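Please treat every number below as a calculation from the coordinates, not as lab data. Note that the structure is a prediction, hence the values are computed from the model and not measured. Counting neighbours? That spans all protein chains shown, and the Cβs are built from the backbone with ideal geometry, glycine included.
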Amino acid sequence: MINELLYYDAWLSGLKPRSHRLAVQDVALSRRKQGFNSPWEYHLGCQYKYQYKIMPFVVTENCIKCKYKDCVEVCPVDCFHEGPNFLVIDPDECIDCTLCEPECPAKAIYPEDDVPAGQESFIALNAELTKIWPVITVRGEPPADAADWDGVANKLPLLER
Ligand code: SF4
Ligand code: F3S
C-alpha cells in the first residue's frame, strides 16, 4: 500500500493536478482543525491513490522592514507570526495552499523548495522565530517607510527579534 502511494506521489510530483492538490489541502485543513498535524496527507477518494508531502511556505529577506502584511488574512490556518519588523510562517501549520504567495507586494514568500539561492537560512529562521513570536491574524498597517525598503539588498542584519 505504501509503495503504491509512493509510486503515485512520484508520478504526480511533476503533475500535481490542481483538483487533487486542493482535495488533499482540504483534508489537511480539516485535520488541522481537529488538532492532528502531519507533514503527509493521503488522498484515497478518487481514481488515484497517492500521498502528498505538505510543502511549507517561507517568508524571506525582502519582508524585513517592509512587512506589508497583505499575506496575513488569506491564510486559512493562521500560520503567520509577527516580530518587530518581519513576519514568519509556521512550517508545522502551513498546509501549502499557496494563497499567501501572490498576496505579498514584496514577493517575499516562496515554497520551501523554491527559496532563492542565498536565502536558504530563512527556512530555519521561520521555524525558529515561529516559536517566539505571536500569531498575527489581522492585517493592520504596514510601516510608513515600507516602500523605501522594498528591494533593498542584505536586510538580514536589520532583523529585530
Ligand atoms: Fe498559510 Fe501561505 Fe501556508 Fe497557505 S501557503 S497555509 S496561506 S502560510
Ligand atoms: Fe512580509 Fe509580504 Fe507578508 S512583506 S508581511 S510577507 S505581505
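Of the residues Gly140, Gly118, which single one is assigned to a loop (DSSP other than H, G, I, E, B), exposed (fewer than 14 other Cβ atoms within 10 Å of the Cβ) and within 13 Å of ligand 2 (Cβ to nearest atom)? Can you show your working first?
Numbers: Gly118 fails: within 13 Å of ligand 2 (Cβ to nearest atom).
Result of the check over Gly140, Gly118: Gly140.
Filter the stretch 78-102 down to residues that are surrounded by fewer than 16 Cβ atoms within 10 Å (Cβ to Cβ) and more than 10 Å from the chain's Cα centre (by Cα) and give me whichever is nearest to ligand 2 (Cβ to nearest atom).
Pro102
Cβ-Cβ under 7 Å, sequence separation 6+ or interchain: first residue in the stretch 65-94 and farther than 24 Å from Ser30 by Cα, partner of a type in the set (S, T, N, Q). Which pairs?
Lys65/Asn85; Lys67/Asn85
How many of the residues in the stretch 70-105 are closer than 15 Å to Phe122 by Cα, in a loop (DSSP other than H, G, I, E, B) and within 10 Å of ligand 1 (Cβ to nearest atom)?
Here the count works out to 2.
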